[in-house]
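The values are calculated or read from the model by the stated rules, or taken from the named source; none is laboratory data. These numbers come from a predicted model, not from an experiment. Positions of Cβ are generated from backbone atoms using ideal geometry, with glycine treated the same way; all protein chains shown enter the neighbour counts.
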Amino acid sequence: MVDTTENGASKNRRRLTGTVVSDKMQKTVTVLVVRKVKHPLYNKVIGQSKKIHCDIGALKPSMGELVMIEECRPISKTKAWQVIEILRQAA
């Protein structure tokens, strides 16, 4: 059974932290998410990255800012994430 909030949305959504690398689109930003993975054979820690298109909603994140993103329903062909919080302003 899935817990739901007062508006009926699921609480079990993935949340990731990343850096905004592009803000050229109107309602979308591109966020670079980097994660560390241990190689199964060589036991070396490797950084893997992925660029994710995110809906901005009422927030206005700019390039270089650290943001928290959350998975949501598909908004377009490439957008299924939304920015929920700006963690650190750009320098």
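General observations
- Any hit, region 40-50, residues being at pLDDT 95 or above, closer than 24 Å to LYS77 by Cβ and within 14 Å of the chain's Cα centre (by Cα): yes
- Single unsatisfied condition, LYS36 versus (1) among the charged types (D, E, K, R); (2) outside any loop (DSSP other than H, G, I, E, B); (3) in contact (Cβ under 8 Å) with a residue 24 or more places away in the chain: (3)
- Whether a residue is outside any loop (DSSP other than H, G, I, E, B), surrounded by 13 or more Cβ atoms within 10 Å (Cβ to Cβ), modelled with pLDDT of 95 or more and not charged (D, E, K, R) was assessed, and GLY64 does not pass this test.
- In region 55-74, the residues that are at positive phi form Cβ pairs under 8 Å with partners that are modelled with pLDDT under 95, at six or more places apart or across chains, as follows: GLY64/ALA90; GLY64/ALA91.
- Test: residue in region 10-22 that is farther than 18 Å from ILE75 by Cα, modelled with pLDDT of 95 or more and more than 10 Å from the chain's Cα centre (by Cα): yes
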